[in-house]
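Below is one structure, written out as structure tokens; the observations come after it.
Rule-based calculations on the coordinates, nothing more; no lab input. What you are looking at is a predicted structure, and each value in this text was computed from that prediction instead of being measured. Using ideal geometry, Cβ is built from the backbone for each residue, glycine included, and neighbour counts are taken over all protein chains shown.
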Amino acid sequence: MTLDKKGSFLLFLAAMTLAMVTSAVFITSSAHALTPLPTPDPKPGSFGVEATKVKEPPKVGASIAVPGSGASFSSSPITVSGTCPNDLLVQIYNNNVMVGSVLCTNGSFSIQVGLFAGTNELSAVVYDELDQAGPVSNIATVTYTDTRFTAFGQLLTLTSNYGRRSTPTGTQLTWPMQLSGGTGPYAFSIDWGDGSKAELKSQSLAGLVSLAHAYKKAGIYTVNVTATDTNNVTAFLQVIAVSSGKVEPEPTEKKVAVDRTTILWVPAAIALALLVPAFWLGRRSQVISIRKKMLKERDNYVQK
């Protein structure tokens, strides 16, 4: 092969190689352009939330029957009652502040709630087990004049952002509450609704109040919290606690068989009463038998 032919052949190979490399680069670039971007891993401290709505929120709300609008009160707490859809949580709001919660039973509710000094606009909202809110009830506007507030100049209020909280059985249920007004130090009495003794605690200043309790059995419990300041001014809050888990049946009494000796007094008395005549008759029969035997032996001896 001449030099010119060799040069032409080498130029042809170089051109073919360049074309193949260019095509490969183009295909590779196109492939990368079509590949979807990978989902980045979650960063430390981040979390994802996924929710599934399985049913619509309640369409029927509660209705406040007592108290009626225009009522006036000089003491607190007062009873708020009305109608509601069964098995839903009813939260009572006073001037848009949650002041208590109760479960709807047999189509009605009744709860003790605290009042603020002056005008109080009471309303009720129902919540289902998914914490979906229903319609807001009618508003009952009442007036509260506290003589103790007039005397000491400090009204005591106890509120919370939670009308219902839940925790697994055996674990601590924490409940943040907000105490406002009054004069410290403050005393608290907490009835957790499970039959245990009321918990007592104290706090020197108003502000955040953190309560905690562990339920031993699963169930739904009514929690009543009473706060009292140094001037004996009180505040009251009722909420609902849920202890989730397996509901244990109520213990039943076990009957233990005990062997006891039972004395039948009537048959024993009858037997004792018959013992003496039977003994006497037996002895008499024995004497007669011996006498007959002796007479028979005597007669035999005389005949001989």
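Label T183 and S74 with points 7 Å out from Cα along Cα→Cβ: what is the distance between them in nm?
Label at T183, label at S74, 2.2 nm between them.
Suppose we keep just the alpha-carbon trace of region 67-127; what are its Rg and Dmax in angstrom?
Reported Rg and Dmax, both Å: 11.4, 33.
So which of K197/K217; K217/K246; K55/K217 end up more than 18 Å apart, counting from Cα to Cα?
Check vs 18 Å cut-off fails for K55/K217.
Near L103, within a Cβ-to-Cβ distance under 15 Å, what is the net charge of the other residues, with Lys and Arg +1 and Asp and Glu -1?
Spelling it out: positives minus negatives among the neighbours equals -2.
Near the amide H of D146, under 5 Å away, which other amide H atoms are found, from residues 5 or more places off or on another chain, if H is placed in the peptide plane?
Those lying under 5 Å, H to H, from D146 are G118.
V136 to Y162: FRET efficiency via 1/(1 + (r/R0)^6), r the Cβ-Cβ distance, R0 25 Å, to the nearest 0.05?
With R0 = 25 Å, the Cβ-Cβ based efficiency is 0.85.
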